[in-house]
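The values are calculated or read from the model by the stated rules, or taken from the named source; none is laboratory data. The model shown is predicted, which means the values in this text are computed figures rather than measured ones. Cβ sites come from the backbone with ideal geometry, for glycine too, and all protein chains shown count toward neighbours.
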Amino acid sequence: MSVGSLIAADLGVAVLAAAGWLGGGAAASARRRRLALGLAALALVATLARAVTITTLVRAGWWFAAEKVLIAAPLSLAALAVAGPRLLRVPGDIRAVAVPLLFAGYANGGALLVTVLHGYPASAGAGLLAVAGVLTATVVSWRALGSRPSRAAYRVALAVAVGALVTGTGLAVAPGAAPAVPHDHRNRDERPVGEPTRRFTLTAGTATVRVGGRDVAAWAFNGQVPGPELTATAGDIIEVTLRNRDIARGVTLHWHGYDVPNSQDGVPGVTQEAVLPGQEFVYRFRADQVGTYWYHTHAVSDIGVRKGLYGVLVVRPAPVAGVDVPAPGAGVDVTVPVHTLAGVALPEPRSERVEAGTPVRLRLINTDSTTHRYALAGTPFQVAAIDGFDLRGPQPLRDTAVLVPAGGRYDLVFSAPATPVALFVDGRAVWSTGSVSTATDRWPVLDPLSYGAGSPVPWSRFDRDFTLVLDRGLDLRGLLPRYAHTVNGAADPDIPPQVVRLGDIVRFTIVNRSLVVHPWHLHGHHVLVLSRNGKPATGSPLWLDSFDVRPGEVWEVAFPADNPGVWANHCHNLPHAEAGMVLHLMYG
Ligand code: C2O
Ligand code: CU
């Protein structure tokens with residue numbers, strides 16, 4: 001059982017326990033004896049079952065067992081201690097056990113709320129607030145049900161509740177470290193000198209585009225979705241003029257996976273101001289990374305990218321004199337940028353004839369906010385590159401699917417067979433050389449961490465270590481409270497920046513404590529994967545800019561701090577980023 005499903009199971013049992021106790025209490029107060037006993041029995045079993053789920057999580061090395069042990073377990077024990085004995089000697093009047101059952105319900109519910117709302121890190125403040133809430137609710141029920149607690153018991157409960165409330169609130173609102181991300185608009189001009197050798201103009205505007213046989217209102221570059229494909233050769237100086245015709249909330253261009261100088265990174269409020277209607281911005285950078293990349297707006301990116309402000313960037317190697325590099329056009333080189341536009345899955349399927357023996361490269365690009373599953377049927381193939389970086393010694397694969405995270409890219413290569421091949425995305429054929437009817441949904445999925453030829457990690461020590469715990473929690477620091485996607489218990493803009501120095505080797509550990517996948521994306525750098533869930537990566541060195549951290553997973557990655565500036569470091573499920581999951585890497 002994966003840690004992810006264990007967490008889900010534990011949550012399920014916790015909900016069952018809380019609901020059982022509360023329902024039992026309500027039934028008892030309504031004198032529904034059998035219902036009350038039935039629900040209480042269910043709750044009892046669920047509460048005991050949590051002992052199993054919590055111990056299994058502890059044994060699986062789950063990072064956050066502490067909070068379960070410190071908050072959920074004591075409250076559950078208190079629930080059992082109060083409600084259990086009374087259930088064993090049920091009095092004639094079932095109403096007499098209503099308050100103990102309700103107390104057990106509040107205790108379990110309180111622990112559950114701490115887990116779901118407060119998140120990481122568990123704090124004494126949250127624990128005390130939970131206790132105060134449980135006691136207050138119990139006292140209120142006590143009075144409402146008209147039973148007469150002894151004055152003393154009543155006073156004690158009330159005093160403890162008030163005490164816990166005051167201390168808990170004090171601890172919870174105590175100011176934490178006040179982070180400040182210096183937003184750097186000075187824009188030191190880091191653009192390369194020299195004449196641009198590739199010039200493009202991208203004009204952002206609202207547009208109606210025809211997809212899947214219907215007209216869709218989109219935001220588009222040069223009126224098309226995806227935007228124009230930008231191609232260059234290694235060594236080119238690329239210049240892109242961005243204009244905004246009528247996107248009221250502004251646009252920018254971010255070169256996803258391209259480690260450009262900071263001032264060209266396209267993050268509004270950090271590296272530049274958003275380009276408003278009628279304005280323009282010129283980006284210039286050297287094409288010194290070969291491979292498959294993409295660009296997209298970074299202004300209100302969750303909406304802008306979804307509505308169509310994205311496109312492909314491909315940089316091909318420069319031909320070397322005297323070396324046998326296949327001339328452009330000698331092979332088939334196809335980009336497959338997958339996107340969901342107004343419910344229509346892009347790209348539209350396309351079929352072409354390919355001569356047997358022709359080298360083919362399929363560049364898979366996931367521009368959506370969630371993972372896509374790709375399957376290439378009808379031929380053995382290799383994964384030549386991931387996130388623009390070539391893999392070492394990629395073995396031939398057959399009947400194997402690959403999962404491309406949001407923002408990620410995989411290059412698949414093969415030599416065209418005489419029989420048809422087809423590339424499927426989530427079961428839908430998007431590119432083919434003929435008709436292939438193969439069911440690919442049962443295929444095993446490639447694990448890139450053990451694919452290709454291994455090589456030792458190039459560093460033996462790390463100058464900085466950071467831990468990022470990805471979670472959900474209540475964020476009360478803004479104008480309105482929100483249920484945010486959090487990092488280390490805080491949400492953007494309150495997540496302290498990671499401060500490094502030029503030349504540092506930086507390691508960071510990412511832990512997903514939530515129940516959803518978080519595709520992680522650091523700007524300006526590629527990170528080398530060291531391990532996942534404590535198991536070292538054994539395959540080809542994996543230099544990634546986008547990787548899925550699934551529920552319960554722990555990833556350890558590292559990179560050399562060699563590109564100064566202030567860089568966004570965020571979840572590429574863009575609605576998550578919008579809901580708080582953004583921090584910054586900063587050179588100090
Ligand atoms: Cu592709 Cu900050 O994003
Ligand atoms: Cu996320």
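For region 284-297, indicate whether the set of residues that are surrounded by fewer than 16 Cβ atoms within 10 Å (Cβ to Cβ), closer than 28 Å to VAL209 by Cβ, under 23 Å from the mean Cα position of the chain (by Cα) and in contact (Cβ under 8 Å) with a residue 12 or more places away in the chain is non-empty.
no
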Exception for GLY552 within (1) surrounded by fewer than 21 Cβ atoms within 10 Å (Cβ to Cβ); (2) more than 13 Å from ligand 1 (Cβ to nearest atom) falls at (1)
Just to be sure, is ASP475 among the acidic types (Asp, Glu), buried (at least 17 other Cβ atoms within 10 Å of the Cβ) and in contact with a Leu (Cβ under 9 Å, 6 or more places away or on another chain)? no
Scanning region 514-533 for residues that are within 20 Å of PRO497 (Cα to Cα) and either within 16 Å of ligand 2 (Cβ to nearest atom) or of a type in the set (D, E, K, R) (or both), the one farthest from the chain's Cα centre (by Cα) turns out to be HIS523
Those residues of region 82-135 that are of a type in the set (Ser, Thr, Tyr) and farther than 20 Å from LEU470 by Cα come to a total of 1
Output for Cβ contacts, cut-off 8 Å, separation at least six or different chains, first residue assigned by TED's automatic domain parsing to the domain that holds HIS570 and farther than 23 Å from ALA558 by Cβ in region 465-480, second of a type in the set (Val, Ile, Thr) and away from ligand 2 (no atom under 13 Å from the Cβ), reads ARG472/VAL116
Checking LEU129, LEU112, LEU75, LEU101 in turn, the sole residue that is within 19 Å of ALA26 (Cβ to Cβ), surrounded by 21 or more Cβ atoms within 10 Å (Cβ to Cβ) and touching a helix residue (DSSP H, G or I) at 6+ places or on another chain (Cβ under 6 Å) turns out to be LEU101
Those residues of region 217-270 which are within 27 Å of the chain's Cα centre (by Cα) and of a type in the set (Ser, Thr, Tyr) amount to THR252, TYR258, SER263
Of (1) within 11 Å of ligand 2 (Cβ to nearest atom); (2) without any contact (Cβ under 8 Å) to a residue 12 or more places away in the chain, PRO536 satisfies every one except (1)
Requested in this report: Please indicate, with yes or no, whether at least one residue in region 227-241 is of a type in the set (Asp, Glu), surrounded by fewer than 18 Cβ atoms within 10 Å (Cβ to Cβ) and not assigned by TED's automatic domain parsing to the domain that holds PRO560.
Outcome: yes
Filtering region 478-498 down to residues that are buried (at least 18 other Cβ atoms within 10 Å of the Cβ) and assigned to a strand (DSSP E or B) yields ALA484, HIS485, THR486, VAL487, ALA490, GLN498
The residue that is nearest to TRP62 (Cα to Cα), considering only those in region 555-571 that are away from ligand 1 (no atom under 14 Å from the Cβ) and not aliphatic (A, V, I, L, M), is TRP555
Condition (residue is under 26 Å from ILE7 (Cβ atoms), in contact with an Asp or Glu (Cβ under 8 Å, 6 or more places away or on another chain) and buried (at least 17 other Cβ atoms within 10 Å of the Cβ)) applied to region 31-43: is it met by at least one residue?
no
By my count, helices (runs of 4 or more DSSP H) wholly in region 1-105 with at least 3 residues that are farther than 23 Å from VAL139 by Cα are 3-29, 33-59
Sole miss for LEU574 among (1) away from ligand 1 (no atom under 13 Å from the Cβ); (2) in contact with a helix residue (DSSP H, G or I) (Cβ under 7 Å, 6 or more places away or on another chain) is condition (1)
Taking region 251-273 and the residues there that are in a loop (DSSP other than H, G, I, E, B) and β-branched (Val, Ile, Thr), the one that is nearest to ligand 2 (Cβ to nearest atom) would be VAL267
In region 186-216, anything more than 31 Å from the chain's Cα centre (by Cα), part of a strand (DSSP E or B) and either of a type in the set (Val, Ile, Thr) or on the phi > 0 side of the Ramachandran plot (or both) is listed as THR201
